[in-house]
């Protein structure tokens with residue numbers, strides 16, 4: 001995936017369709033001078049619908065389509081004919097898309113499965129025709145209902161990648177090298193910090209045709225949860241991961257301290273991330289002999305599986321796969337069809353504008369109705385003075 005093509009954050013304006021107005025038509029036919037009311041109902045306005053599509057990996061297709069509008073319902077007509085419903089507008093989004101209200105920060109919905117559909121904005125109901133209002137004492141009602149008004153909202157769509165294993169580490173910890181060694185992914189690899197500027201996904205093949213998905217995000221630095229480096233922007237991509245693989249290079253001054261810094265950044269970003277399964281990989285171990293590994297062993301964090309590996313030489317890679325597969329197959333994890341569930345929090349309004357500016361989405365998106373569309377936006381009520389429609 002080209003670097004410029006990864007879009008995981010967009011702000012768009014959505015508008016459903018308004019309902020069509022009911023008809024006030026009176027039946028007129030030869031030899032039927034008092035045919036009575038036969039006005040039909042208005043059609044329903046179109047919905048704005050989100051649909052999960054596993055063939056999309058980013059929100060790039062929405063970046064240049066800022067206004068999503070459904071069709072309006074048509075008015076009812078004579079012979080009790082119901083107006084045509086407005087066309088629904090379906091927005092295809094990648095699985096893992098979360099939607100928020102751009103004005104209030106309120107969480108709206110989450111699309112996690114292929115084919116899943118969520119009605120984001122409902123179209124207005126069509127108004128009832130005058131045929132519904134005839135009674136024994138009011139046999140020629142000359143009024144009908146207008147259609148319900150449309151709904152409109154500016155929303156933020158945020159992509160959180162769906163993967164089984166998320167790689168967590170400081171810049172130059174060897175995350176991209178490991179992903180390239182375990183899968184067919186070809187992330188950029190170089191000997192300088194922040195080589196990875198966007199998340200990468202790879203499918204790791206296991207035994208007997210089994211596999212799992214691994215996600216590599218840009219390196220985290222101390223203070224990432226407060227916006228330092230690139231960590232804040234991409235930390236959300238590991239919120240859904242069932243397992244976190246912490247990677248610390250063997251040449252670090254203090255492996256335990258680096259691990260605790262990473263853990264603290266995740267805690268500050270979202271405390272729920274500490275509930276995930278964790279594995280620690282000591283990378284770049286081709287430079288160590290067995291004696292040095294034995295010296296490092298007592299200094300490592302307790303109560304977490306750990307392994308010494310080298311993605312270059314292949315040392316420990318097979319055992320790492322076994323450990324990851326075993327952890328993923330525990331009941332609380334996703335392998336076997338479950339998707340990691342997370343509790344989405346409303347966005348803090350004090351940080352929302354800053355976040356929009358950081359993502360380049362701080363532009364105001366406005367929509368002005370045409371004069372013809374402005375009519376009939378009054379409240380849902382009866383109108384008693386409408387003129388009879390043409391015969």
*Any residue in region 199-217 that's over 19 Å from residue 244 (Cβ atoms) and assigned by the TED database to the domain that holds residue 172: show its pairings with residues that are modelled with pLDDT of 85 or more and in a helix (DSSP H, G or I) at Cβ separation under 8 Å, as long as the two are six or more apart or on different chains.*
210/325
*Check whether at least one residue in region 120-133 is in a strand (DSSP E or B) and within 19 Å of the chain's Cα centre (by Cα), and report yes or no.*
yes
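For region 72-88, what are the residues that are in contact with a strand residue (DSSP E or B) (Cβ under 8 Å, 6 or more places away or on another chain) and free of Cβ contacts under 8 Å to residues at least 60 places away in the same chain?
The first filter runs over region 72-88 and keeps only residues in contact with a strand residue (DSSP E or B) (Cβ under 8 Å, 6 or more places away or on another chain), leaving 76, 83, 88.
Passing the criteria: only 88.
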*Filtered residues of region 4-62 (kept if surrounded by 19 or more Cβ atoms within 10 Å (Cβ to Cβ), more than 24 Å from residue 101 (Cα to Cα) and in contact with a strand residue (DSSP E or B) (Cβ under 9 Å, 6 or more places away or on another chain))*: 21, 22, 23, 24, 25, 26, 37, 38, 39, 40, 41, 42
*So, in region 187-210, of the ones that are assigned to a loop (DSSP other than H, G, I, E, B) and under 25 Å from the mean Cα position of the chain (by Cα), which residue ends up modelled with the highest pLDDT?*
199
*In the list 102, 140, which residue meets the criterion of being farther than 22 Å from residue 85 by Cα, buried (at least 16 other Cβ atoms within 10 Å of the Cβ) and in contact (Cβ under 8 Å) with a residue 60 or more places away in the chain?*
102
_Among (1) on the phi > 0 side of the Ramachandran plot; (2) outside the structural domain of residue 60 (by the TED database), there is one condition residue 115 misses while meeting the rest; what is its number?_
(2)
*From the set of residues in region 10-32 that are outside any loop (DSSP other than H, G, I, E, B) and modelled with pLDDT of 85 or more, which is farthest from residue 153 (Cα to Cα)?*
26
*Name the single residue, out of those in region 216-236 being modelled with pLDDT of 75 or more and buried (at least 24 other Cβ atoms within 10 Å of the Cβ), that is farthest from the chain's Cα centre (by Cα).*
220
*Output the number of residues of region 281-298 satisfying the condition of being crowded, with 20+ Cβ neighbours inside 10 Å and free of Cβ contacts under 8 Å to residues at least 60 places away in the same chain.*
2
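The values are calculated or read from the model by the stated rules, or taken from the named source; none is laboratory data. Given the structure is predicted, the values throughout are model-derived calculations rather than measurements. Neighbour counts run over all protein chains shown; Cβ positions are idealised from the backbone, glycine included.
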